[in-house]
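What follows is one structure encoded as structure tokens, with my remarks underneath.
The values are calculated or read from the model by the stated rules, or taken from the named source; none is laboratory data. Just so it is clear, the structure is predicted and the values come from calculations on it, not from any experiment. Positions of Cβ are generated from backbone atoms using ideal geometry, with glycine treated the same way; all protein chains shown enter the neighbour counts.
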Amino acid sequence: MKKGVLFQLFLLMFLVIVSVFIYFKYFYENKGNKEVINKRNQTQIIDENLIENLKYFSVDDTGNIYEIVAKKGIIDRTNHDIILMENVEAMIELKSTEKVFIKSNNAKYNSKSYDTIFNGEVTVQFNEHSLRSDFLDLSFENNLVSIYDNVLYFSNISTLKADRAEIDILKKKTKIFMNDSKNKILIKSISNNGNN
């Protein structure tokens, strides 16, 4: 066989092998369930929309830290930035501030803006303070935490019941109020001997 023909056959086989490799690497899609395990944070993608043991971590330009962990999450089919989470725990550490811990049954998390709506037995813990409510909206875009529906606040010296509380993250100012201005916020002080 001539060297030219042999070279052309070799070149043709090489192109076929490279083409098959490129097809399987970049274009072939397995239609069955996908199972991907990210060893770094043990996130498991069971199918295209269900994620188990997920964890997101972010640090902004000013050094504020936000971490959210959930047992399970489902990616919204209409907006892939939205993840509906179950059994959620979050930690916020604002620069030069104590850590704030949030737990809830469910959360709606935006992976682009980090804004999160927590709902279902929401608890917030920071220092000796704790809050419970039905909902908590955390908006990094607006630098605002809104806690609403059955808001209960507990500290070493008092308890408080209100409809809503809003915390400005940057100014660290809190506003507590009732939805109907005719209703009053209920505050009980706790004495040292345990009597109200």
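For L160, are the conditions met, namely being crowded, with 16+ Cβ neighbours inside 10 Å, part of a strand (DSSP E or B), touching a strand residue (DSSP E or B) at 6+ places or on another chain (Cβ under 6 Å) and in contact (Cβ under 8 Å) with a residue 12 or more places away in the chain? Criteria met by L160.
When we screen N150, N127 for residues that are at pLDDT below 95 and out of contact with any strand residue (DSSP E or B) (no Cβ under 6 Å at 6 or more places or on another chain), the only hit is N127. In the condition set (1) in a strand (DSSP E or B); (2) touching a Ser or Thr at 6+ places or on another chain (Cβ under 7 Å); (3) hydroxyl-bearing (S, T, Y); (4) within 16 Å of E67 (Cα to Cα), S130 is compliant with all but (4). Here is a check on your reading of the model: is I169 of a type in the set (A, V, I, L, M, F, W, C) and within 25 Å of S58 (Cα to Cα)? So I169 fits the description; yes. Among the residues making up segment 112-140, those that are crowded, with 16+ Cβ neighbours inside 10 Å and small (G, A, S) are S133, S139.
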